[in-house]
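Taking it in order: structure first as structure tokens, then the write-up.
Taken together, the values in this text are just the output of simple stated rules run on the coordinates, not laboratory data. Because the structure is predicted, anything quoted here is derived from the model rather than measured. Cβ: placed from backbone, ideal geometry, glycine included. Neighbour counts: every protein chain shown.
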Amino acid sequence: MSLRIRIFIVAVLAVVLASLRGLVPPPASVSGAFGRGSTIVLVHGLGSRAQHWFPVARLLARRHRVVLVDLPGHGLSEMPEPFSLERARVSLDEALAREGRDPVVLVGHSLGGLVAAAEACSRPDRVRALVLVETALRPQVEGKERAAVLEALDRDYQGTLRAEYESYGCDAAQGRALYREVAQLDPAMVRQWVRVALTADLSQRATSLMPPLLVILAPRSWPHGEPWSATADALGYAGVPHVEPLRLEGCGHFVMLDRPADLARAIERFAALPGGAPLAAR
């Protein structure tokens with residue numbers, strides 16, 4: 001084989017390998033891992049950061065190995081292009097694969113919970129139990145309202161973002177702090193995640209979810225006096241098997257900041273049950 005042909009073959013292989021690498025999103029970055037025991041993986045939401053999990057992680061790390069994973073576009077996690085919920089899921093899957101072969105207790109907050117739920121649906125072998133905190137499995141706005149949200153983001157990005165994130169706080173001061181954090185992020189990245197939140201619907205896929213599921217909600221998502229059946233229908237949990245709902249009082253959307261001890265206790269209790277079985281089955 002001539003030198004010219006060998007060079008041509010090497011060049012072709014390099015192009016093929018480069019294109020294949022582009023098909024697989026880069027793994028989500030791990031911001032920290034500490035503690036010993038069975039693994040609990042914590043995933044934050046849009047505009048949040050792994051540090052928001054620290055109050056909960058410190059408590060869980062007394063008996064577990066705790067891994068903090070960044071969503072794509074946050075921390076050191078790259079944003080897959082083109083972006084979709086599935087590509088975000090694959091990024092998380094790659095990160096979990098690097099953590100070992102044993103299935104984990106996977107915990108996700110808000111949109112991080114949506115990615116975690118997608119992973120549990122696609123790779124139940126990786127997830128022993130699933131905990132979703134303030135996560136909706138179906139879009140909470142539709143039709144004209146969805147279009148109005150996207151239009152508002154284009155017309156007044158900062159104002160729309162401020163109104164949304166200030167409403168997430170348990171009080172005005174926390175709401176302002178949450179807004180300041182998300183306002184520092186790349187608007188193009190935030191818009192892509194918002195589109196996922198407005199369009200991705202896992203409610204049907206989750207009806208065949210295999211790992212047991214603990215759903216933890218604040219009163220803002222599960223109002224007092226409303227039966228779980230109504231909340232489950234609104235958030236996309238109707239028909240999901242092996243689900244245990246839990247409402248934590250006195251908190252806003254960022255439950256890990258407002259009630260870290262109670263949240264850690266609920267996660268640990270769920271993780272300790274055989275196979276992560278629902279609390280009601282104890």
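The dipole here belongs to the chain: it is taken about the Cα centre, uses +1 on the Cβ of Lys and Arg and -1 on the Cβ of Asp and Glu, and is about 940 debye. Using the Cβ-Cβ distance between residue 94 and residue 172 with R0 = 30 Å, the FRET efficiency computed as 1/(1 + (r/R0)^6) comes to roughly 0.15. Among the GluC sites (Glu not before Pro) within segment 164-250, those in coil by DSSP and having at most 10 neighbouring Cβ atoms inside 10 Å are 249. Entry note, segment 134-282: relative contact order of 28 percent, from Cα contacts under 8 Å with a spacing of 6+ residues.
Determine the percent antiparallel among the DSSP beta bridges restricted to the chain, to the nearest 5. In the chain, DSSP labels about 15 percent of beta bridges as antiparallel.
Shape class of segment 13-158 from the Cα gyration tensor (axes a ≥ b ≥ c, square roots of the eigenvalues): oblate, since a/c reaches 1.5 or more and a/b does not exceed b/c. Once the chain from residue 24 to residue 234 is taken as fully extended at 0.36 nm per residue, the excess over their C-alpha distance is 72.2 nm. What's the angle, to the nearest 10 degrees (0 to 90), between helix 85-98's Cα axis and the longest principal axis of the chain? Long axis of 85-98 versus the principal axis of the chain: about 80 degrees.
Let me have the 222 nm mean residue ellipticity of the chain computed from DSSP H runs of 4+ only, each contributing -39500 (n - 2.57), with the sum over all residues rounded to the nearest 500. Dividing the helical sum by the residues of the chain leaves -14000 deg cm²/dmol. Positive contributions from Lys and Arg (+1) and negative ones from Asp and Glu (-1), summed over other residues with Cβ under 11 Å from the Cβ of residue 33, come out at +2.
Residues 130, 59, 111 in ascending order of nearby Cβ atoms (within 10 Å, fewest first): 59, 111, 130. The value of relative contact order for the chain, using C-alpha pairs under 8 Å at least six residues apart, is 19 percent. The C-alpha atoms of the chain define a longest principal axis, and helix 157-168 lies at about 50 degrees to it. Per-peptide packing, taken as the mean over residues of other Cβ atoms within 10 Å, places 34-47, 150-163 in the sequence 34-47, 150-163 from highest down.
Taking amide hydrogens as placed 1.01 Å from N in the peptide plane, the amide H of residue 247 sits under 5 Å from those of 217, each at least 5 positions away in sequence or on another chain.
Rounded to the nearest 10 degrees, the inclination of helix 111-122 to the longest alpha-carbon principal axis of the chain is 70 degrees. Which FRET efficiency, nearest 0.05, do residue 183 and residue 147 yield, Cβ-Cβ r, R0 25 Å? Efficiency computed from Cβ-Cβ geometry: 0.60.
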